[in-house]
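The next block holds one structure in the form of structure tokens; read it before the comments.
The values are calculated or read from the model by the stated rules, or taken from the named source; none is laboratory data. The shown structure was predicted, so the numbers you read here are calculated from the model rather than taken from an experiment. Cβ placement follows ideal geometry from the backbone for every residue including glycine, while neighbour counts extend to all protein chains displayed.
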Amino acid sequence: MNRAESESELVVLCPHFRPDVAPTGEVMSSIADGLIACGRRLHIITALPWYLSHRVEPGWERRLMATEELDWGRITRVHPFPTDKTNIPARALAFAGFTALSTLVGLVTRGPVHGVLAMSPPITLGVAGLAVARRHRAPFVFNIQDVFPDVAIELGVLRSPRLISIAQGLERFLYRNADVVTVLSEDLAENVRAKIDKPGLIAKAPRPRQGTDRGQVRVIPNFVDTDRIRPTDPDNAYRREYGLVGKTVVMYAGNVGLSQSLDMVLDAAKTFVDQPDVVFVINGGGSARTGLMAQAKGMTNVRFVGLQPPERVPEVLAAADVHVVPLKRGLARSSVPSKLYSILAAGRPIVASVDVGTEVARVIADSDAGLAVPSEDTDAFVEALHVLVEQPSERIRLGRNGRSFVEGWASPAAVAESYATLFDELSRKNHRVLSKRDSGRVTSKSHGQTG
């Protein structure tokens, strides 16, 4: 990286950033930490904190925008226009408003800009990222955490053929016009490549894309912080607080939303009613929580615990004897739950209900850290849980295997270095393209003057 690059900014557009507690905010905050450690200056463009209760948090209200100047750069937070997740038209308008404000901030940001990194979902941030990159003649990297609209279509949230067609057209436009699309697994990479390669009349931005279709999609997995998350005694403060000491705890920890088959977890809990020492804990918040609590009414072996602050995550993970990862059918090809790696780092076994042959199933098989059964197969899921609940020594063995497996996994610093290296590579290519183009313009003007 030359001096000009070290003095320029990387513009990062993301829906959440600390102190917001969303999982994607934790991911991007850690990547930012690593980029700062690599000597990069950043301009983070994100939302005012709102994830915890789906409204702008106290201390941040009544602001359309807030900016913090820091030693390593700055953070600009704009209003997210939070709304009910189940109200799709209102949510679409909220994404549009957030994207418009983010785009405006990026367009007027003072340069020079070394590159632009935008995170999806929401996919609309890709529009902001592309616009900001073109405005500053900088490379654009589009980071895909979940493939949209695939997830929304699988869940039945997006049903209108016209809206699906518009969303898929936008998706392909952004993939084709990003300099690089980064994804978390080979499953997601093949999904994105298939869309890039699909024939069709998709408009392209004026600047030609760099690289080939295969090189344009790169796998940079999310990381696990094995220093922060470690195997510890399960009988901790979390268990004491929620009356779980001495129990065998089966836990779901994460977003209680539409993507998870949590009704299947309740069905599994019913098969343990004659074992009072076995307790099912659903830890987290989300749009499906209220309905799920109504379903569980009267079930004495099910506990609901609210979303915990990020600093308590290691303690929450350690409090379980078995963790469950239940994804609805079709979603494991479009989404990779980041909690998978954290559970392995905590040294706890996993029972996953996911599509056969996808990333989650492969990781569990390769690490020998749990049991993976077909998605939404309740009988297989219940059987796997009984196997681990009734065999403490097997739980310990699988947990140790998982911990050993992720100790060689990518660290936050390694993932950030991957992004730093990627932007350096793209910046060099971009400089050559722009220099050649500017040289051509000068030559053309010179010929015009002599003619």
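Here are a few things to note about the model shown:
- Boolean, Asp33 is in contact (Cβ under 8 Å) with a residue 40 or more places away in the chain, within 24 Å of Val147 (Cβ to Cβ) and surrounded by fewer than 18 Cβ atoms within 10 Å (Cβ to Cβ): no
- Odd one out for Gly298, checked against (1) within 19 Å of Val157 (Cβ to Cβ); (2) without any contact (Cβ under 8 Å) to a residue 60 or more places away in the chain: (1)
- Total residues in the range 159-183, condition of a type outside the set (Val, Ile, Thr) and in contact with a strand residue (DSSP E or B) (Cβ under 7 Å, 6 or more places away or on another chain): 4
- Among residues of the range 305-316 that are surrounded by fewer than 16 Cβ atoms within 10 Å (Cβ to Cβ), those with a Cβ under 8 angstrom from a residue that is not in a helix (DSSP H, G or I), sequence gap 6+ or separate chain, pair up as Gly306/Asn283; Gly306/Gly284; Gly306/Gly285; Pro309/Val21.
- Complete set of residues in the range 244-262 that are touching a residue at least 24 places away in the same chain (Cβ under 8 Å) and assigned to a loop (DSSP other than H, G, I, E, B): Leu244, Gly246, Lys247, Gly254, Asn255, Val256, Gly257, Leu258, Ser259, Ser261
- Put simply, of Gly34, Gly59, Gly25 the only residue that is in the same structural domain as Ala96 (by TED's automatic domain parsing), more than 20 Å from His114 (Cβ to Cβ) and part of a helix (DSSP H, G or I) is Gly25.
- Boolean, Arg63 is at negative phi and modelled with pLDDT under 95: yes
- Pro337 touching a strand residue (DSSP E or B) at 6+ places or on another chain (Cβ under 9 Å), at pLDDT 95 or above and of a type outside the set (Ser, Thr, Tyr): no
- Listed here are the helices (runs of 4 or more DSSP H) enclosed by the range 126-240 that have at least 3 residues being modelled with pLDDT under 90 and acidic (Asp, Glu): 186-197.
- Any chance Gly284 is more than 20 Å from Tyr238 (Cβ to Cβ) and not assigned by TED's automatic domain parsing to the domain that holds Asp187: no
- Among residues of the range 241-276, those that are β-branched (Val, Ile, Thr) and either more than 19 Å from Lys339 (Cβ to Cβ) or not assigned by TED's automatic domain parsing to the domain that holds Met293 (or both), counted: 4
- Within the range 380-415, being charged (D, E, K, R) and within 25 Å of the chain's Cα centre (by Cα) holds for Arg403, Glu407.
- The set of residues in the range 144-170 being touching a residue at least 12 places away in the same chain (Cβ under 8 Å), of a type outside the set (A, V, I, L, M) and under 20 Å from Ser259 (Cα atoms) consists of Gln145, Asp146, Phe148, Pro149, Asp150, Glu154, Gln168.
- Qualifying residue in the range 55-72 (condition: within 19 Å of the chain's Cα centre (by Cα) and within 22 Å of Met28 (Cα to Cα)): no
- Of the helices (runs of 4 or more DSSP H) lying entirely inside the range 337-401, those carrying at least 2 residues that are farther than 19 Å from Lys270 by Cα and in the same structural domain as Asp267 (by TED's automatic domain parsing) are 339-345, 359-367.
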